[in-house]
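Visitor: This structure is in structure tokens; I'll ask about it shortly.
The values are calculated or read from the model by the stated rules, or taken from the named source; none is laboratory data. Predicted model, so just to flag it, every value in this text is computed and none were measured. Here Cβ is always computed from backbone atoms with ideal geometry, including for glycine, and neighbour counts include all displayed protein chains. SASA here: full protein model, heavy atoms, side chains in, ligands and nucleic acids out. Shrake-Rupley method; radii C 1.70, N 1.55, O 1.52, S 1.80 Å.
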Amino acid sequence: MSDDARLPTSCPGEEWCPVTATASLVGKKWHPVIIARLLEDGPLGFSELESEVDGISSKVLSESLDDLGEKELVDRTVVNEKPVRVQYSLTEHGESLEPVIVALGEWGEEHLVQAEEGSASVV
């Protein structure tokens with residue numbers, strides 16, 4: 001990938017670190033889930049996405065989609081239907097995160113189990 005096709009990111013600290021830079025793009029609580037749902041089912045409207053991301057509030061979904069849009073991972077398209085609606089889809093950069101999202105899921109399947117209600121959890 002040419003340098004002009006890459007997303008500019010910064011890292012805390014003195015040296016640029018690709019792991020930290022990538023984590024800054026997708027490391028917020030709901031970002032990987034939103035990306036995963038758009039990979040699996042996208043493009044999706046706001047309400048569809050909200051129902052696919054269990055436990056997220058409308059406000060947090062809206063803020064997360066704005067953030068992912070600013071980071072050039074998600075596109076927002078106004079669909080000229082009556083009523084007018086908005087659809088969200090992944091950009092080329094967002095789609096390229098598929099192996100990362102798949103790896104997170106595979107690691108979780110191998111190493112995690114759902115905690116019993118009321119018991120201690122690592123999260």
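Visitor: Test of understanding: among 22, 9, which residue is β-branched (Val, Ile, Thr), part of a loop (DSSP other than H, G, I, E, B) and at pLDDT below 95?
Guide: Answer to the check: 9.
Visitor: If you don't mind, there's one more thing I want to ask. Quick check: anything in segment 65-85 in contact (Cβ under 8 Å) with a residue 40 or more places away in the chain and over 15 Å from residue 31 (Cβ atoms)? It would help to see each step written out before you state the result.
Guide: Going through segment 65-85, the residues in contact (Cβ under 8 Å) with a residue 40 or more places away in the chain turn out to be 71-74, 85.
With over 15 Å from residue 31 (Cβ atoms) added as a condition, the list becomes 85.
So far as segment 65-85 goes, yes, one or more of its residues are in contact (Cβ under 8 Å) with a residue 40 or more places away in the chain and over 15 Å from residue 31 (Cβ atoms).
Visitor: For segment 41-52, name all the residues that are under 20 Å from residue 71 (Cα atoms) and either of a type in the set (A, V, I, L, M) or open to solvent by 70 Å² or more (accessible area, probe 1.4 Å) (or both).
Guide: If the condition is that a residue be under 20 Å from residue 71 (Cα atoms) and either of a type in the set (A, V, I, L, M) or open to solvent by 70 Å² or more (accessible area, probe 1.4 Å) (or both), then 44, 49 are the ones that fit.
Visitor: Kindly list the number of the only condition in (1) within 24 Å of residue 8 (Cβ to Cβ); (2) part of a helix (DSSP H, G or I); (3) over 10 Å from the mean Cα position of the chain (by Cα) that fails for residue 48.
Guide: Going through (1) within 24 Å of residue 8 (Cβ to Cβ); (2) part of a helix (DSSP H, G or I); (3) over 10 Å from the mean Cα position of the chain (by Cα) one by one, residue 48 breaks only (1).
Visitor: Still on this structure, I have one more. Condition test on residue 35, is it over 27 Å from residue 8 (Cα atoms) and surrounded by 16 or more Cβ atoms within 10 Å (Cβ to Cβ)?
Guide: no
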